[in-house]
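Undergrad: Here you go, one structure.
The values are calculated or read from the model by the stated rules, or taken from the named source; none is laboratory data. Note that the structure is predicted; figures quoted are calculated from it, not measured. Using ideal geometry, Cβ is built from the backbone for each residue, glycine included, and neighbour counts are taken over all protein chains shown.
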Amino acid sequence: MDVNTIKKDLLDIMKQYGLKNESQLVITESIKEWAEKRGIKERDPLRIAMKTTERTEKVDKETGKKELIQEEPIIILKKEVSEPELQSPRSRALHISLELNGVDMESAKKMLESDENFIKFCLLHEIAHIKGFASEEEADFWAYKELPKVI
């Protein structure tokens, strides 16, 4: 699936959750390469989504110290997502759904079987991290609860 085909929908979702700048969504051929070019360690060559923070700094000419001007959360999505790449995280998400109270496995499976919905789930998962949900399980659970609002 080419993620650019749903970019407008993804930007609309981000706006719903307070991420208003188009620059906060990056769609790239390889998340691993994108991250490494920016000094971010990424081991997974198949990663399809991640969250990071872009910092804008300036150097004080007198002291030489860096001064933070702005921090902006960024979500990076892999441009082309193949079926094998979708299967691993989709399986993990479905497995986790079995452990979540109140999540019907059949409903979760139906919601996530569409590639488009699963990419939206991944976006919501990264938004959850921006909102402060630290663990993968918390981010997944929040994304599950929010997904019906955006599909």
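Undergrad: Give the stretch 5-25 a look and list any residue that's among the hydroxyl-bearing types (Ser, Thr, Tyr) and either touching a Phe, Trp or Tyr at 6+ places or on another chain (Cβ under 8 Å) or loosely packed, with under 15 Cβ neighbours inside 10 Å (or both), or say none.
TA: THR5, SER23
Undergrad: Let me ask something else. Based on what the data block shows, is ILE48 surrounded by 12 or more Cβ atoms within 10 Å (Cβ to Cβ), in contact with a Pro (Cβ under 8 Å, 6 or more places away or on another chain) and among the β-branched types (Val, Ile, Thr)?
TA: Yes, satisfied.
Undergrad: Can ASP44 be described as at pLDDT below 95, among the charged types (D, E, K, R) and within 20 Å of PHE118 (Cβ to Cβ)?
TA: In short, yes.
Undergrad: Looking at (1) farther than 18 Å from HIS129 by Cβ; (2) in contact with a strand residue (DSSP E or B) (Cβ under 7 Å, 6 or more places away or on another chain); (3) of a type outside the set (Phe, Trp, Tyr), find the lone condition where GLN24 falls short.
TA: Unmet for GLN24, out of (1) farther than 18 Å from HIS129 by Cβ; (2) in contact with a strand residue (DSSP E or B) (Cβ under 7 Å, 6 or more places away or on another chain); (3) of a type outside the set (Phe, Trp, Tyr): (1).
Undergrad: Out of the residues in the stretch 101-151 that are of a type in the set (Ser, Thr, Tyr) and out of contact with any helix residue (DSSP H, G or I) (no Cβ under 8 Å at 6 or more places or on another chain), which is nearest to ASP12 (Cα to Cα)?
TA: Out of the qualifying residues, it is SER114.
Undergrad: So which residues in the stretch 1-25 are outside any helix (DSSP H, G or I) and free of Cβ contacts under 8 Å to residues at least 40 places away in the same chain, if there are any at all?
TA: Within the stretch 1-25, GLY18, LYS20 qualify.
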